[in-house]
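One structure is given here, and the rest of the page talks about it.
The values are calculated or read from the model by the stated rules, or taken from the named source; none is laboratory data. Note that the coordinates shown come from a computational prediction; the quantities given were computed from them, not determined experimentally. Note: ideal-geometry Cβ built from the backbone for every residue, glycine included; neighbour counts use all protein chains shown. In case anyone asks, the SASA skips ligands and DNA or RNA and just uses the protein heavy atoms, side chains included. Shrake-Rupley method; radii C 1.70, N 1.55, O 1.52, S 1.80 Å.
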Amino acid sequence: MSENGDQQIQAAEIVLPCEKLPESLKFYTERLGFRLERIFPADAPATAVISGHGLRIRLEKDAAAAARDPGRLALHCRDPKALAGGETELVAPNGTRIQLKDANPPLDLPPIVQSFVLTKMGGPETWGVGRAGMRYRDLIPNRQGGRFIASHIAIPDGGLVPDMVHFHKARFQMIYCHKGWVHLLYEDQGPQFTMKAGDCVLQPPEIRHRVLECSPGFEVIEIGCPAEHMTCIDHEMPLPNGAVNPDRVFNGQRFVFHQAEKADWVAGRLEGVEFRDIGIAAATAGLASAQVWRLKPGATQIPAASHRAEFVFYFVLEGTVSLKAQGQGAQDLAAGDSFVIPEGMVFGLEGASDDLELLEVALPADYGFELGP
């Protein structure tokens with residue numbers, strides 16, 4: 001068992017439940033000198049992995065378990081079942097459960113549960129505090145069955161951001177700058193650059209990156225899949241990392257930095273619409289697309305249509321418009337509002353203001369608009 005264990009076990013974690021994660025995390029890192037390795041989900045942290053003094057601890061927010069659970073030890077293995085003759089859990093003599101886990105588990109992609117979702121800027125989805133002190137507003141509370149998350153993220157005061165070099169284990173993740181500016185660093189993308197309002201980045205899975213500084217009133221729209229994905233801290237890689245390779249492929253995707261001021265507006269799929277393409281369709285080999293829509297001069301509506309996509313999301317960047325979705329009645333929308341349209345639902349937009357701009361994000365990129373009745 002010892003020789004086999006040396007070959008199989010990649011990391012060990014002591015799992016400790018806690019009632020209040022922020023206080024526990026502060027105690028272990030500031031008082032006892034542990035360092036943060038991972039924390040998730042980003043919009044409302046409930047789990048943190050810390051390391052130090054030859055030990056890894058997984059803090060899990062669970063008040064009830066904190067009062068009764070004797071604790072668990074998680075061993076991350078190349079082949080969990082091979083370590084214990086097909087078993088995935090062992091029990092120590094003192095009752096501690098030894099959980100055998102895959103050291104590099106496949107991405108857990110929950111089945112999609114499509115539904116219409118409308119989120120208003122002044123609605124009940126209040127701002128919460130997430131990773132690195134950022135404020136989060138949940139734009140898809142039901143997460144479409146756990147498949148997608150869309151967050152409106154703000155840093156009101158601006159300044160230096162207490163971020164670390166990190167990466168995400170995700171299928172898809174993009175960030176659109178809605179207001180202000182931010183200085184960023186990305187693996188193999190050279191020195192820091194500035195993303196401004198209207199710009200966008202595609203973060204390929206596991207690309208290392210870091211947020212450095214932002215303006216007061218900084219806001220972004222972040223869309224990710226799956227809804228709960230892990231943020232991992234990389235303590236070893238410095239950024240910039242000295243390499244410049246903009247065409248590098250990370251898990252099937254290329255990094256994208258879309259700059260609004262350099263983008264062209266072209267005719268859209270629907271009559272009266274023009275758009276600037278963010279370049280995500282090409283960079284993901286058709287997995288996803290992102291565009292900014294606006295109406296051509298004189299147009300006030302987007303004709304009724306439906307789609308055959310896994311996911312189609314809209315965020316009102318500027319202006320006002322009335323949404324008419326099948327079975328939902330008319331909804332007046334303004335900047336900051338967002339909506340998700342499920343497959344087959346006919347929807348259209350009417351009474352648009354001259355300055356209307358919409359961010360559209362869709363998976364897959366080729367999702368086949370069909371004009372409605």
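Of all residues in the stretch 187-208, those satisfying the criterion of being within 26 Å of LEU317 (Cα to Cα) and in a strand (DSSP E or B) are PHE193, THR194, MET195, LYS196, CYS200, VAL201, LEU202.
Looking across the stretch 327-343, the residues that are modelled with pLDDT of 95 or more and part of a loop (DSSP other than H, G, I, E, B) come down to ALA335, GLY336, ASP337, ILE341, PRO342, GLU343. Inspection of the stretch 243-255 finds a residue satisfying the criterion of being over 27 Å from ALA352 (Cβ atoms), open to solvent by less than 30 Å² (accessible area, probe 1.4 Å), touching a residue at least 24 places away in the same chain (Cβ under 8 Å) and in a strand (DSSP E or B). Scanning the stretch 284-302 for residues that are open to solvent by less than 40 Å² (accessible area, probe 1.4 Å) and in a strand (DSSP E or B) yields SER289, ALA290, GLN291, VAL292, TRP293, LEU295, ILE302.
Looking at GLY298, GLY344, GLY329, GLY286 in this structure, which one is on the phi > 0 side of the Ramachandran plot, in contact (Cβ under 8 Å) with a residue 40 or more places away in the chain and not charged (D, E, K, R)?
Details: GLY298 fails: in contact (Cβ under 8 Å) with a residue 40 or more places away in the chain; GLY344 fails: in contact (Cβ under 8 Å) with a residue 40 or more places away in the chain; GLY329 fails: in contact (Cβ under 8 Å) with a residue 40 or more places away in the chain.
Of GLY298, GLY344, GLY329, GLY286, the one residue that is on the phi > 0 side of the Ramachandran plot, in contact (Cβ under 8 Å) with a residue 40 or more places away in the chain and not charged (D, E, K, R) is GLY286.
Looking only at the stretch 207-234, count every residue that is farther than 26 Å from PRO156 by Cβ and either polar (S, T, N, Q) or at pLDDT 95 or above (or both) and tell me the total. Residues meeting the conditions: 5.
Working only within the stretch 261-292, note down all residues that are basic (Lys, Arg) and within 19 Å of ILE223 (Cβ to Cβ). Listed by number, the list holds a single entry, ARG276. Would you confirm whether any residue within the stretch 257-265 is open to solvent by less than 10 Å² (accessible area, probe 1.4 Å), within 25 Å of ARG171 (Cα to Cα) and in contact with a helix residue (DSSP H, G or I) (Cβ under 9 Å, 6 or more places away or on another chain)? No: the stretch 257-265 contains no residue that is open to solvent by less than 10 Å² (accessible area, probe 1.4 Å), within 25 Å of ARG171 (Cα to Cα) and in contact with a helix residue (DSSP H, G or I) (Cβ under 9 Å, 6 or more places away or on another chain).
Filtering the stretch 221-242 to residues that are among the charged types (D, E, K, R), under 24 Å from SER151 (Cα atoms) and not in a strand (DSSP E or B) leaves GLU228, ASP234. Scanning the stretch 256-283 for residues that are touching a residue at least 12 places away in the same chain (Cβ under 8 Å), in a strand (DSSP E or B) and in contact with a Phe, Trp or Tyr (Cβ under 8 Å, 6 or more places away or on another chain) yields PHE257, VAL273, GLU274, PHE275, ARG276. Note on the stretch 148-167: residues that are in contact with a Leu (Cβ under 8 Å, 6 or more places away or on another chain), open to solvent by 30 Å² or more (accessible area, probe 1.4 Å) and part of a loop (DSSP other than H, G, I, E, B) amount to 1. Quick check: is even one residue across the stretch 112-126 at pLDDT 80 or above, open to solvent by less than 30 Å² (accessible area, probe 1.4 Å) and among the basic types (Lys, Arg)? No - not one qualifying residue is present in the stretch 112-126.
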